[in-house]
There are 2 protein chains.
Amino acid sequence: MAIRTYVCGLDAAVNIIGGKWKVLIIWAIGDQRRRFGELRRQVPGISEKVLFQHLREMEANDLVVREEFDEVPARVEYSLTELGHSLSAALQPLNDWGSQHMQRTGTAVACSYS
Amino acid sequence: MAIRTYVCGLDAAVNIIGGKWKVLIIWAIGDQRRRFGELRRQVPGISEKVLFQHLREMEANDLVVREEFDEVPARVEYSLTELGHSLSAALQPLNDWGSQHMQRTGTAVACSYS
């Protein structure tokens, strides 16, 4: 495994998070168990392929657990691991900052989840 | 001006922050007044062009102030605005999370600024 050297914790966090989608997926899962379709609706603009790919990477990074239930039709649910929950908590202040910024600039808000 | 609708504060924050560079630039400036060359050294891997472009966008978004001093050679310093400081504070828990994650996974750390 290649060892990357980070300049700070933020660098490491940003490297795990990648682009904007993972942050929004973590936020959309929150304390819930979410099905794939629910997540797609709650992260507007994300494609099925990109959501699937990110969820797989997040499973590999121990942020998300995928559970498959032996039902017909098959039911698959995603939830946060302990590490995922700790990342979600660390994102709370950034969420609050963004909400304040939206108020400042008068941007419309339609928060579908808290 | 186009009004974008955000699904949550985090969405808005991520939209302002853009990719990984702005987060790292904000963190590198911190409470200091930084010259361009200093910032380049403190954000390893960033090109001159990308740093310049991001600093301009951050000025436009009221996150950063650029001050030019009438000296020979010309001296230009960047510092955070009040909004930039508030974003920096909101990023602290994410930095802490990243540091803990690095410890967890045993990744080498070389934090050039705190």
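Points to keep in mind about this one:
- Pairwise FRET efficiency - residue B:103 versus residue A:70, Cβ, R0 = 41 Å, nearest 0.05: 0.60
- Ascending list, in nanometres, of distances separating the residue A:96 label from those of the other copies (7 Å, Cα toward Cβ): 1.2
- Taking the label point 7 Å along Cα→Cβ, residue A:57 and its counterparts in the other copies are spaced 1.8 nm apart, in ascending order.
- Magnitude of the charge dipole, region A:1-101, Cβ model with Lys/Arg +1 and Asp/Glu -1, debye to 20: 380
- Between residue A:92 and residue A:33, full extension at 0.36 nm per residue minus the direct alpha carbon distance yields a gain of 19.3 nm.
- Average silhouette area of region A:18-105, convex hull of alpha-carbon atoms, in square nanometres: 6.3
- Inter-copy label distances at residue A:82, using a point 7 Å along Cα-to-Cβ, come to 4.2 nm with the shortest given first.
Read the figures in this text as sums done on the coordinates, not as results from a lab. Only a predicted model underlies this, so the values are computations on that prediction, with no experimental measurement involved. As a convention, Cβ positions derive from the backbone with ideal geometry for all residues, glycine included, and neighbour counts pool all protein chains shown.
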